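Colleague: Let me give you the structure first, and then I'll get to my questions.
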Amino acid sequence: MSDHLYSEDHEWINVEGDVGTIGISNFAQEQLGDVVFVDLPQVGTAVSKGDEVAVVESVKAASEIYAPVSGEITEVNEVLNETPETVNADAENGGWFFKIKLADPGEMDGMMDAEAYAAFAKG
Amino acid sequence: MRYLPLGDADRSDMMAQIGISSIDDLFEGVPQSARLTKPLDLPAGQGELAVERAISALAAKNRPMGAGPSFIGAGAYRHHVPASVDHLIQRSEFLTAYTPYQPEISQGTLQVLFEFQTQVALITGMDVANASMYDGATACAEAVMMASRATRRKHIVMSSNLHPHYRDSVLTASQFLDLEIDVVEPLPEIDKETACVVVQNPDVFGRLRDLTALGEACHEVGALLVVAVPEVVSLGAVKSPGEMGADIVVCEGQGIGNGLNYGGPYLGLFATRDKYVRQMPGRLCGETVDADGRRGYVLTLSAREQHIRREKATSNICTNSGLCALAFSIHLSLLGEDGFKRLAMLNHQTASRLADKLAVVPGVEILEDSYFNEFTLKLSRNAAEVVDELVARDILGGVPASRLFPDREDLADHLIVAATETNTDEDIAAFASALQEVLS
């Protein structure tokens, strides 16, 4: 988990090779409350950094998930279709949303490590 | 609701309160050329009796459907609505309540809507229905937009035998969306770019068809089949759209519980499959249990809606035709399942009797061999002229197809006629003999 990088939109990305796994931070899931639905993107979709690619819906709100990097969606976490509450239980691991084959790893420059993000989230 | 009169003193108080010196200041954003610079030219106030006389004189110019033989349909159908329906919907608990903004406090309203949804799902053969929409045409427009969202595709195929009001509602509502809409008949081959195929059953000419093969063709390429039903009573006799493979069913529900009302308010029914429920527009009531395990009703899946999702909502429509839906539910409950089927059969039998009588009139050809309570005649003369001459004989003889398709010269001699349980044998005989006179 120490390899996670975080965005100011409270998303995390973990890169292995040229594929990044993306989810929302534990802080974000706490803020959202009980997650009841995740609208996942289609595998094969090309996305640009900043595109809305998914929606997470909790009992309190519905929020967009933005692509933290450009690339192609290679996999989505089907587990969330049946058990969206996995996002609450395990936001930064089993509750991942989708994977992107990175077009430009340089886009991750400026993202925060766990320590910097913890400070950011604290506000 | 109280009527609050507004005097000059109230007006200047209100203006002072918000810091303007004249009412015109409120309209600064409207270009000067679009503003009215003088008061409306209206007559001075009149006494109650004078108003009653004037309005009665206006009303007397109408020819109510029930005042004589009437065979007009084409999307709006006259049916008998039991007096009990009107009595019940006028109970103040129902009549005065608008869509509640703290919905769970209005358990009665929510229960009605839940039962309404259940009835709509049953008669359309679908998994889930919303709490209603404005009318069949706007529901159809919503269905097209929903199909595009659900499939993430932009190409729409719409049958040209869809009622033109439905077609135009779709085109209007989607004009700023990046959709490619083909209005065609016969339906073309579709492919993996196609979001949906929209057909009406019975179609605008009254023709019924089995849509099963079309549904299969849609599903083979991942497109949705959208079925519009202009006459809800047909669902009591015809195989349901759900059984034929529809993915979205929209329907004009006016025929049950609601009068013709000069064309509105009407009642849009909207139903779909479970897997598309989150893409469905409109409100949705659900049944649940409270903390003590007692049954209760809630508005559910609200995150699709405008008050939460703002511009990303599934629809701009976050309300429903509550009172019309209530009338529908009460009427359908009074009919029951058997009664609904019998009403549908009665409609079909009456239309069949009408067809038999008209078929023998010289100059009349009946074009449909498979219909519910409406069909199209090909006449030996211009249909619009024939209808005018029938009106002179106090018979409302249907809708000339040219009214709906003014650009289609090939339809100038087509006349769309409907019969319901409200038409008597005497009506039918009068229509047939008047038509014979007019055509000879």
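Colleague: Plugging the Kirkwood radius over Cα pairs into Stokes-Einstein for segment B:57-216, at a temperature of 4 °C and a viscosity of 1.567 mPa s, what D comes out in µm²/s?
Modeller: 68
Colleague: Here's a follow-up. Taking GluC sites (Glu not before Pro) as candidate sites, keep only those in a DSSP loop with at most 15 other Cβ atoms within 10 Å, then name the longest stretch of chain A containing none of them.
Modeller: Longest gap between qualifying sites, sites excluded: A:9-77.
Colleague: According to a simple spin-label model (label point 7 Å from Cα along Cα-to-Cβ), what is the distance in nm between A:Glu8 and B:Arg152?
Modeller: 2.8
Colleague: Continuing with the same structure: For chain A, set up a Gaussian network in which alpha carbons nearer than 10 Å are linked by springs, and say which option among A:Thr21, A:Thr45, A:Thr74 fluctuates the most.
Modeller: The residue that fluctuates most here is A:Thr45.
Colleague: Still on this structure, please answer the following. Could you calculate the FRET efficiency of B:Asp127 with B:Phe405 from 1/(1 + (r/R0)^6), where r is the beta carbon distance between them and R0 is 35 Å, rounded to 0.05?
Modeller: Efficiency, from the Cβ-Cβ distance: 0.50.
Colleague: Filter the chymotrypsin sites (Phe, Trp or Tyr not before Pro) in segment B:128-227 to those in DSSP coil with at most 13 other Cβ atoms within 10 Å of their Cβ, and list the result.
Modeller: Those that pass, being in a loop and sparsely packed, are B:Phe176.
Colleague: So if R0 is 45 Å, what FRET efficiency would B:Asn382 and B:Leu171 give, r being the distance between their Cβ atoms, rounded to the nearest 0.05?
Modeller: In this case the efficiency is close to 0.95.
Colleague: Then there is this: Points 7 angstrom from Cα along the Cβ direction at B:His80 and B:Ala60: gap in nanometres?
Modeller: 3.1
Colleague: Beyond 31 Å between alpha-carbons counts as too far, so tell me which of B:Lys154/B:Lys378; A:Lys49/B:Lys192; B:Lys312/B:Lys341 fall in that bin.
Modeller: B:Lys154/B:Lys378; B:Lys312/B:Lys341
Colleague: Rounded to the nearest 20 Debye, what is the dipole magnitude of segment B:150-223 about its Cα centre when Lys and Arg each give +1 and Asp and Glu each give -1 at the C-beta?
Modeller: With only Lys, Arg, Asp and Glu charged at Cβ, the dipole is about 200 debye.
Colleague: Let me ask something else about it. So which trypsin sites (Lys or Arg not before Pro) in segment B:277-364 pass both tests, a DSSP loop state and at most 12 other Cβ atoms within 10 Å of the Cβ?
Modeller: For trypsin sites (Lys or Arg not before Pro) across segment B:277-364 that sit outside H, G, I, E and B with at most 12 neighbouring Cβ atoms in 10 Å, the list reads B:Arg294.
Colleague: Counting other Cβ atoms within 10 Å, keep those with at most 15, restrict to DSSP loop, and tell me which GluC sites (Glu not before Pro) in segment B:1-106 are left.
Modeller: Passing sites in segment B:1-106 are B:Glu28.
Colleague: Would you mind getting me the FRET efficiency between B:Arg11 and B:Asn261? Use the beta-carbon distance for r and R0 = 45 Å, nearest 0.05.
Modeller: Between B:Arg11 and B:Asn261 the formula returns 0.80.
Colleague: I would also like to ask the following. First check a/c for the protein assembly as shown, with a ≥ b ≥ c the square roots of the eigenvalues of its C-alpha gyration tensor; if it is under 1.5, answer rounded, and if not, answer prolate when a/b is larger than b/c or oblate otherwise.
Modeller: Prolate, because a/c is 1.5 or more and a/b exceeds b/c.
Colleague: Tell me, what are the semi-axes, in whole angstrom and largest first, of the equivalent ellipsoid of segment B:353-406 as set by the roots of 5 times the Cα gyration tensor eigenvalues?
Modeller: Rounded to whole Å, the semi-axes are 18, 14, 11.
Colleague: Taking only DSSP H segments of four or more residues, each worth -39500 (n - 2.57), what value at 222 nm results for chain B once the sum is divided by all its residues, to the nearest 500 deg cm²/dmol?
Modeller: -11000 deg cm²/dmol
Colleague: Gain in length, B:Ser370 to B:Glu48, computed as 0.36 nm per residue apart minus the alpha-carbon separation, to one decimal in nm?
Modeller: 110.6 nm
Colleague: Calculate the radius of gyration of the Cα atoms of segment A:7-107 to one decimal place, then report Dmax, the largest Cα-Cα distance, as a whole number, both in Å.
Modeller: Answer for segment A:7-107, Rg first and Dmax second: 12.3, 36 Å.
Colleague: In a solvent-free Debye calculation with one equal scatterer on each Cα, what is log10 I(q)/I(0) for chain B at q = 0.08 Å⁻¹, listed in the order of the q values?
Modeller: -0.55
Colleague: When all C-alpha to C-alpha distances in segment B:144-289 are sorted into bins of 5 Å, what percent of pairs does each bin hold, rounded to whole numbers?
Modeller: The percentages, shortest bin first, are 2, 9, 19, 23, 22, 15, 7, 3, 1, 0.
Colleague: Using just the C-alpha positions of segment B:206-347 as equal point scatterers, what log10 of I(q)/I(0) does the Debye formula give at each q in 0.08, 0.12, 0.19 1/Å?
Modeller: With one equal scatterer per Cα and no solvent, log10 I(q)/I(0) is -0.28, -0.63, -1.30.
Colleague: Give the whole-number value, in cubic angstrom per residue, of the convex hull volume spanned by the C-alpha atoms of segment B:314-402.
Modeller: Spelled out: Cα convex hull of segment B:314-402, divided by residues, is 198 Å³.
Colleague: Shifting gears a bit: In nm, give the distance between the simple-model label positions of A:Asp113 and A:Asn81, each being 7 Å from the Cα along the Cα-to-Cβ direction.
Modeller: 3.8
Colleague: About the Cα centre of segment B:106-176, what is the dipole size in debye to 20, counting +1 per Lys and Arg Cβ and -1 per Asp and Glu Cβ, all else neutral?
Modeller: The dipole of segment B:106-176 has a size of about 420 debye.
A short reminder: the numbers here are calculations on the coordinates, not readings from a lab. Here the structure is a predicted model, which means the values were calculated and not measured. Here the Cβ is made from the backbone with ideal geometry for all residues, glycine too, and neighbour counts use every protein chain on show.
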